[in-house]
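> Please see the structure below; I have some questions.
The values are calculated or read from the model by the stated rules, or taken from the named source; none is laboratory data. This one's a predicted model, so the numbers in the text were calculated from it and none came from an experiment. For neighbour counting, all protein chains shown are included, and Cβ atoms are generated from backbone atoms with ideal geometry for every residue, glycine included.
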Amino acid sequence: MSSILPTSASLLSKHSSSCARRTIFTSAKAPLVSLKRTMAPALDLGGSSASVSQARLKSTTTTTTGPAGKIEAAQDPMTGESLGSSRPLDASALILERTKSAKKPPPSHELVFGHCFSDHMLTVDWSSSKGWSSPKIQPYGPFTLDPSSVIFHYAPSLFEGMKAYKDVNGEVRLFRPDMNMKRMNTSAERLALPTFSHGDLIKLIATLVDLDSSWIPSEPGHSLYIRPALIGTQAALGVHPTTDARLFVISSPVGPYYKTGFKPVALEADPSKVRAWPGGTGNYKLGGNYAPGIRPQMEAATRGYQQNLWLFGDEHWLTEVGTMNLFVALRQSDGSVELVTPPLNGMILPGVTRDSILGLAREHSSGSTQPLEGVAKELKVSEREINMAEIQKAASEGALLEIFGAGTAAVVSPVDRIGYMGKDVHIPVGPSGAGPIAKAMLERINDIQLGRIEHPWSVRVKDIVDNEV
């Protein structure tokens, strides 16, 4: 989840809304959906068909030669199982089962992030012998897994976070879903999980969102949070490529991240706590990347900080903030402003909001689009390394203008204080609680998401479902 998380460990108990209670009990009564052991091959990331990636095939399979030199089915060298044919993910094979007991969406003021779910979910199984099964949209509810399933032991798990919005005309839109799908496939490749056709999964998600569109709140700042996930499900112990997987998508109505205006956060920068490192998995959206950050956040909270500023190396290079990408605005000696974000060096998640902010900032500085309100025209955009020594120096010279996180949940999250080596570095936030760049980026991205500004990043769900995009 791309957000700076609340510090309370008892969020559900503090927000025991009717929505949260209803979700718990409804799920408990829902019929179980058993996972079938059918999985499919991974795909060429730029392609339109799903087959196990060539790199994975070469490294994990062998083939046998039959009579007259005929090539027979490939085999997994670790299990000896036949990998069989590869059926791609196919949106046209969708099976739709509507719920017979639709729930009433909760009042918007009762919404708690991620605690209430819409009526339906999407599930698709994959097996190395058959490929992807027919996708199914069905009533939301639990599904069963064997206790030996690899997901419980070795964490082959990845996910995405995206949102659907009702625009000014009441039409439903998605924001840059293609980027989420590309990143999801990249994560799948890293975990030797099956990949898929971007277009087919986008269409399946759009169909799910269209079906549950009544769950998208119409109030300003509200949306439907969408969570696609992919897990290994093979019922067998042992560290090897899974022969079974499940892709599923659920959705949850959410309110605005800031209900009463910006609330800047304080960060703790502790060099002894490291989120990611070169050659690791920090640039993939894997489930296993997130749990290790919970304890450091809890410890930071005891010292009065809401989240962690993740550092790396002896020079204490800045990487990310909480579960968000990081931006720093600096005043240069010539009076211009530099907007800095750490480069995609293998330790940084390639965030959709990060990429959007970079694109909008470059358009602003080039004069090719409507200027960002309140942002200096002389804006230099840099993807470069920046360390705490530079932050401290800029703060002491009055050149540190603003720092903010960027992610799907909040879009931007201003920072007003960093605790580092026993001292606090203070960052200006302005009367609104945010600096001018963070404020302008939130407004511009919201305008695009809600269709107030037409932009190719914002895609109508109806157009996807009707095959018009």
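> Residue under question is Asp146, and the condition is that it be over 18 Å from Ser251 (Cα atoms), charged (D, E, K, R) and either touching a strand residue (DSSP E or B) at 6+ places or on another chain (Cβ under 8 Å) or not assigned by TED's automatic domain parsing to the domain that holds Gly221 (or both); does it hold? I'd like the intermediate steps shown before the answer.
Values: over 18 Å from Ser251 (Cα atoms): yes; charged (D, E, K, R): yes; either touching a strand residue (DSSP E or B) at 6+ places or on another chain (Cβ under 8 Å) or not assigned by TED's automatic domain parsing to the domain that holds Gly221 (or both): yes.
Answer is yes for this residue.
> Within the range 214-234, can you find the residues that are under 22 Å from Met121 (Cβ atoms) and among the small types (Gly, Ala, Ser)? Walk me through how you get there before you give the answer.
Pass one, the range 214-234, residues under 22 Å from Met121 (Cβ atoms): 214-217, 222-234.
Ser214, Ser223, Ala229, Gly232 - these are the residues of the range 214-234 that are under 22 Å from Met121 (Cβ atoms) and among the small types (Gly, Ala, Ser).
> Return the residues of the range 185-241 that are without any contact (Cβ under 8 Å) to a residue 40 or more places away in the chain and under 16 Å from Lys136 (Cβ atoms); say none if nothing qualifies.
Result: no residue meets the conditions.
> Checking the structure you have, find out if any residue of the range 412-424 is surrounded by fewer than 22 Cβ atoms within 10 Å (Cβ to Cβ), among the hydrophobic types (A, V, I, L, M, F, W, C) and either touching a Lys or Arg at 6+ places or on another chain (Cβ under 8 Å) or within 30 Å of Ser458 (Cβ to Cβ) (or both).
No, the conditions are met nowhere in the range 412-424.
> Only one of Val425, Val412 is under 21 Å from the mean Cα position of the chain (by Cα), of a type outside the set (D, E, K, R), outside the structural domain of His198 (by TED's automatic domain parsing) and not in a loop (DSSP other than H, G, I, E, B); which?
The unique qualifying residue is Val412.
> Which residues, counting only those in the range 125-155, are within 22 Å of Ser101 (Cβ to Cβ), assigned to a strand (DSSP E or B) and within 22 Å of the chain's Cα centre (by Cα)?
Of the range 125-155, the ones within 22 Å of Ser101 (Cβ to Cβ) are 136-144.
Going one step further and asking which of them are assigned to a strand (DSSP E or B), we end up with 136-139, 143-144.
Answer for the range 125-155, where residues must be within 22 Å of Ser101 (Cβ to Cβ), assigned to a strand (DSSP E or B) and within 22 Å of the chain's Cα centre (by Cα): just Ile137.
> Here is a follow-up. For the range 216-334, list the strands (runs of 3 or more DSSP E) that sit wholly inside it and hold at least 1 residues that are surrounded by fewer than 21 Cβ atoms within 10 Å (Cβ to Cβ), among the charged types (D, E, K, R) and assigned by TED's automatic domain parsing to the domain that holds Lys104; which are they?
Numbers: elements: 223-232, 244-254, 265-269, 307-312, 317-321, 325-331.
Where strands (runs of 3 or more DSSP E) fall fully within the range 216-334 and carry at least 1 residues being surrounded by fewer than 21 Cβ atoms within 10 Å (Cβ to Cβ), among the charged types (D, E, K, R) and assigned by TED's automatic domain parsing to the domain that holds Lys104, they are 223-232.
> Can you tell me which residue in the range 430-445 is nearest to the chain's Cα centre (by Cα), limited to those that are surrounded by fewer than 22 Cβ atoms within 10 Å (Cβ to Cβ) and touching a residue at least 40 places away in the same chain (Cβ under 8 Å)? Even if it seems obvious, please write down each step before you answer.
Here is the first cut: in the range 430-445, the ones surrounded by fewer than 22 Cβ atoms within 10 Å (Cβ to Cβ) are 430-433, 436, 440, 443.
Then keep just the ones that are touching a residue at least 40 places away in the same chain (Cβ under 8 Å); that gives 432-433, 436, 440, 443.
Details: Ser432: 27, Gly433: 26, Pro436: 26, Ala440: 23, Glu443: 21 Å.
Among them, the one singled out is Glu443.
> Answer with yes or no whether Gly398 is free of Cβ contacts under 8 Å to residues at least 12 places away in the same chain and exposed (fewer than 14 other Cβ atoms within 10 Å of the Cβ).
no
> What is the residue count in the range 335-357 for residues that are within 17 Å of Pro436 (Cβ to Cβ) and outside any loop (DSSP other than H, G, I, E, B)? Before the answer, list the steps.
Residues of the range 335-357 that are within 17 Å of Pro436 (Cβ to Cβ), as a first pass: 335-341, 357.
With the extra rule that they be outside any loop (DSSP other than H, G, I, E, B), the set shrinks to 337-341, 357.
Here the count works out to 6.
> Could you identify the single residue in Glu385, Glu373, Glu402 that is under 26 Å from the mean Cα position of the chain (by Cα), in a loop (DSSP other than H, G, I, E, B) and either within 18 Å of Ser356 (Cβ to Cβ) or assigned by TED's automatic domain parsing to the domain that holds Leu442 (or both)?
Working: Glu373 fails: under 26 Å from the mean Cα position of the chain (by Cα); Glu402 fails: in a loop (DSSP other than H, G, I, E, B).
Selected residue: Glu385, the only one of Glu385, Glu373, Glu402 that is under 26 Å from the mean Cα position of the chain (by Cα), in a loop (DSSP other than H, G, I, E, B) and either within 18 Å of Ser356 (Cβ to Cβ) or assigned by TED's automatic domain parsing to the domain that holds Leu442 (or both).
> Could you check, for the range 392-401, whether at least one of its residues is within 27 Å of Arg183 (Cβ to Cβ) and touching a Lys or Arg at 6+ places or on another chain (Cβ under 7 Å)?
Kept after step one, since they are within 27 Å of Arg183 (Cβ to Cβ), are these residues of the range 392-401: none.
Looking through the range 392-401, none of the residues is within 27 Å of Arg183 (Cβ to Cβ) and touching a Lys or Arg at 6+ places or on another chain (Cβ under 7 Å).
> What is the number of the single condition among (1) of a type outside the set (Phe, Trp, Tyr); (2) in contact with a Leu (Cβ under 6 Å, 6 or more places away or on another chain); (3) farther than 18 Å from Pro271 by Cβ that Val321 does not meet?
Among (1) of a type outside the set (Phe, Trp, Tyr); (2) in contact with a Leu (Cβ under 6 Å, 6 or more places away or on another chain); (3) farther than 18 Å from Pro271 by Cβ, the lone unmet condition for Val321 is (3).
> Something else now. So which of His115, His109 is under 21 Å from Gly287 (Cβ atoms) and not hydrophobic (A, V, I, L, M, F, W, C)?
Details: His109 fails: under 21 Å from Gly287 (Cβ atoms).
Testing whether each residue is under 21 Å from Gly287 (Cβ atoms) and not hydrophobic (A, V, I, L, M, F, W, C) leaves just His115.
> Scan the range 346-389 for residues that are buried (at least 19 other Cβ atoms within 10 Å of the Cβ), in contact (Cβ under 8 Å) with a residue 60 or more places away in the chain and not hydrophobic (A, V, I, L, M, F, W, C) and jot them down.
Gly351, Thr353, Ser356
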